[in-house]
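Colleague: Dumping the structure here so I can ask a few things about it.
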Amino acid sequence: MKYLSTRGHADRKRFCEILLEGLAPDGGLYLPEHYPQVDDATLTRWRSVYHEQGYAELAFEILSLYIDDIPAADLQALCHKTYTAEVFGTGEIVPLRHLEDGLWLEALSNGPTLAFKDMAMQLLGNLFEYELARRGEELNIFGATSGDTGSAAEYAMRGKKGVRVFMTSPNGRMSPFQQAQMFSLQDENIHNLAVEGVFDDCQDLVKAVSNDLEFKRKYKIGTVNSINWARLLAQVVYYFAGYIQATERNAQKVSFTVPSGNFGNVCAGHVARMMGLPIERLVVATNENDVLDEFFRTGVYRVRGSADTHETSSPSMDISKASNFERFVFDLLGRDAARTKRLFGEQLSSQGRFDLSADPLFAQAASRYGFASGRSTHADRLATIRDNFSRHGVTVDTHTADGVKVAREQRGPADVPMIVLETALPIKFAATIAEALGHEPERPARFEGIEALPKKVKVIPADVAVVKAYIESHCP
């Protein structure tokens, strides 16, 4: 399997090369040259694999289609090392819970940091350590987080040999619990940088550093953001696991609703659908920062500046520039790399928007690729959290509430289950849960008093020169 850039760079690379690289040299994102097709017989076999051998073995089966430069026995061992009941709290790893008629929740928040990001990040940590040891090299991970990517990355990489993490986050914009999860880590290889700005400023810093090829090579810069194909690939697995749990035969279809800010989680669903997983619709649920909802409704992709990015009670989705969106648009445009480069590399930079509403291809976002969308507000979140608690005895976090609200609006035929991807445990957003229910959600014992722990963090301006100087000073 070879990988190409969405912006047309001539190189074709193998998995382990792009694992450590992040962005392509031309600023594009990596995608496989083709999506492996899963036929009926394979899907039937995977049903047995999941039910009889578990999630780790299903992950190995799927990852093997994309990774051919790690020996099969090693890849299988990495999957089984990652997806254990000890790490994820349950042998099912991603259990499905019935919420109400036609609506299901897929639990993705059983990992070490209580967020769906653990599903990919735990694997990524083991892949990095394996490949770096094989090469005898080190890697400096430079990332951005709006809330959960940071802690998931840091918990996955802490203590890993040959890896340092430099994680940017928007200063003061995460929940107290999210901040404490990251900033309380005292490991020498973990560095937290709180950026004066919003998440998009942090993401711009990551892209600026990744696009400085000389600096990137000198300091061996990699990324754990969802621009890293390996992370997105790991997320493909739980779409198959959710489907297998929700259906009994391959002729059945399901839909997924995915709370989305950066388009990485739902892009993994797009990949699963392109592989042949019987997904009827992929519903993108946004909060008040509705750049993605606006696109799927109108065909206009219009990024917002920092001043126009709302601070909301589902802060991990306070994003107005969805970095993974380029992957889907590349497919939507028939894999036209030159046009993708013009839209994302030129037009978006100069005009802050592009408009596909008049292009016949835009209609295919819904008709061919199954995409739909919806929007949720703070009032909607509170109402959804209250409703789920009173009717079902289930407390959902604020982002999952956005998903449930939109899923109820977009629910289709009764024979097509709608699966909402849970994003985090409610304790990560305790203040809003208390506002909705009058009491704080349950807190896992290991996180008691985490907000009071000493914090290791440096506040910096949104300045790429400052970031580079910090990385330089902390690399031997």
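A quick yes/no check of all residues on (1) over 30 Å from Asp69 (Cα atoms); (2) among the aromatic types (Phe, Trp, Tyr); (3) over 18 Å from the mean Cα position of the chain (by Cα):
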| site | (1), (2), (3) |
| --- | --- |
| Ser169 | yes, no, no |
| Gly172 | yes, no, yes |
| Phe177 | yes, yes, yes |
| Ala180 | yes, no, yes |
| Asn225 | no, no, no |
| Leu233 | no, no, no |
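Residue-wise test of (1) of a type in the set (Ser, Thr, Tyr); (2) within 22 Å of Phe330 (Cβ to Cβ); (3) in contact with a Ser or Thr (Cβ under 8 Å, 6 or more places away or on another chain).
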site: Ile227; (1), (2), (3): no, yes, yes
site: Ala230; (1), (2), (3): no, yes, no
site: Leu233; (1), (2), (3): no, yes, no
site: Ala241; (1), (2), (3): no, no, no
site: Ala251; (1), (2), (3): no, no, no
site: Val254; (1), (2), (3): no, no, yes
site: Val266; (1), (2), (3): no, yes, yes
site: Gly269; (1), (2), (3): no, yes, no
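Colleague: In the list Leu103, Leu108, which residue meets the criterion of being surrounded by fewer than 23 Cβ atoms within 10 Å (Cβ to Cβ) and either over 25 Å from Ser473 (Cα atoms) or at pLDDT 95 or above (or both)?
Modeller: Leu103
Colleague: Could you grab me the full set of residues in the stretch 278-297 that are farther than 17 Å from Val420 by Cβ, surrounded by fewer than 24 Cβ atoms within 10 Å (Cβ to Cβ) and touching a helix residue (DSSP H, G or I) at 6+ places or on another chain (Cβ under 8 Å)?
Modeller: Pro278, Glu288, Phe296 - these are the residues of the stretch 278-297 that are farther than 17 Å from Val420 by Cβ, surrounded by fewer than 24 Cβ atoms within 10 Å (Cβ to Cβ) and touching a helix residue (DSSP H, G or I) at 6+ places or on another chain (Cβ under 8 Å).
Colleague: Quick one: how many residues across the stretch 59-92 are under 29 Å from Tyr35 (Cα atoms), β-branched (Val, Ile, Thr), in a loop (DSSP other than H, G, I, E, B) and without any contact (Cβ under 8 Å) to a residue 60 or more places away in the chain?
Modeller: Of the residues in the stretch 59-92, 1 are under 29 Å from Tyr35 (Cα atoms), β-branched (Val, Ile, Thr), in a loop (DSSP other than H, G, I, E, B) and without any contact (Cβ under 8 Å) to a residue 60 or more places away in the chain.
Colleague: Scan the stretch 210-228 and tell me whether some residue there is under 30 Å from Pro417 (Cα atoms) and either among the hydroxyl-bearing types (Ser, Thr, Tyr) or at pLDDT 95 or above (or both).
Modeller: The answer is yes, given that some residue of the stretch 210-228 is under 30 Å from Pro417 (Cα atoms) and either among the hydroxyl-bearing types (Ser, Thr, Tyr) or at pLDDT 95 or above (or both).
Colleague: What's the total number of residues in the stretch 244-295 that are out of contact with any Gly (no Cβ under 8 Å at 6 or more places or on another chain), acidic (Asp, Glu) and part of a helix (DSSP H, G or I)?
Modeller: Here the count works out to 1.
Colleague: I've got another one for you. Scan Asn189, Asn225, Asn140, Asn126 and give me the residue that is within 21 Å of Arg327 (Cβ to Cβ) and not hydroxyl-bearing (Ser, Thr, Tyr).
Modeller: Answer to the check: Asn225.
Colleague: Does the stretch 289-309 hold any residues that are modelled with pLDDT under 95 and either within 18 Å of Gly403 (Cβ to Cβ) or of a type in the set (Ser, Thr, Tyr) (or both), and which are they?
Modeller: Result: Ser306, Thr309.
Colleague: Pairs only if they're at least six apart or on different chains, beta carbon under 6 angstrom, first in the stretch 427-440 and buried (at least 16 other Cβ atoms within 10 Å of the Cβ), second aromatic (Phe, Trp, Tyr); list them, first residue then second.
Modeller: Between residues of the stretch 427-440 that are buried (at least 16 other Cβ atoms within 10 Å of the Cβ) and residues that are aromatic (Phe, Trp, Tyr), the close pairs are Lys428/Phe177; Leu437/Phe389.
Colleague: Whether any residue in the stretch 382-391 is of a type in the set (Val, Ile, Thr) and in contact (Cβ under 8 Å) with a residue 60 or more places away in the chain is what I want to check.
Modeller: The answer is no, given that none of the residues of the stretch 382-391 is of a type in the set (Val, Ile, Thr) and in contact (Cβ under 8 Å) with a residue 60 or more places away in the chain.
Colleague: Would you list the helices (runs of 4 or more DSSP H) that sit entirely within the stretch 363-476 and hold 3 or more residues that are in contact with a strand residue (DSSP E or B) (Cβ under 7 Å, 6 or more places away or on another chain), over 17 Å from Pro176 (Cβ atoms) and modelled with pLDDT of 95 or more?
Modeller: 398-410, 464-473
Colleague: Something else now. Give the residue that is farthest from Ser349 (Cα to Cα), with candidates limited to residues of the stretch 171-209 that are of a type in the set (Asp, Glu) and in contact with a strand residue (DSSP E or B) (Cβ under 7 Å, 6 or more places away or on another chain).
Modeller: Of everything passing the filter in the stretch 171-209, Glu196 is farthest from Ser349 (Cα to Cα).
Colleague: Here is a follow-up. Filter the stretch 389-409 down to the residues that are buried (at least 17 other Cβ atoms within 10 Å of the Cβ) and under 19 Å from Asp293 (Cβ atoms) and list them by number.
Modeller: Once the filter is applied, which keeps residues that are buried (at least 17 other Cβ atoms within 10 Å of the Cβ) and under 19 Å from Asp293 (Cβ atoms), the stretch 389-409 yields Thr398, His399, Thr400, Ala401, Asp402, Gly403, Val404, Lys405, Val406, Ala407, Arg408.
Colleague: So in the stretch 18-52, with the set limited to residues that are within 30 Å of Asn211 (Cα to Cα) and free of Cβ contacts under 8 Å to residues at least 24 places away in the same chain, which one is surrounded by the most Cβ atoms within 10 Å (Cβ to Cβ)?
Modeller: Taking the candidates together, the pick is Ala24.
Colleague: Being part of a loop (DSSP other than H, G, I, E, B), of a type in the set (Val, Ile, Thr) and touching a residue at least 60 places away in the same chain (Cβ under 8 Å) is the requirement here; does Val206 meet it?
Modeller: no
The values are calculated or read from the model by the stated rules, or taken from the named source; none is laboratory data. Given the structure is predicted, the values throughout are model-derived calculations rather than measurements. In this analysis, Cβ positions are derived from the backbone assuming ideal geometry, glycine residues included, and neighbour counts consider all displayed protein chains.
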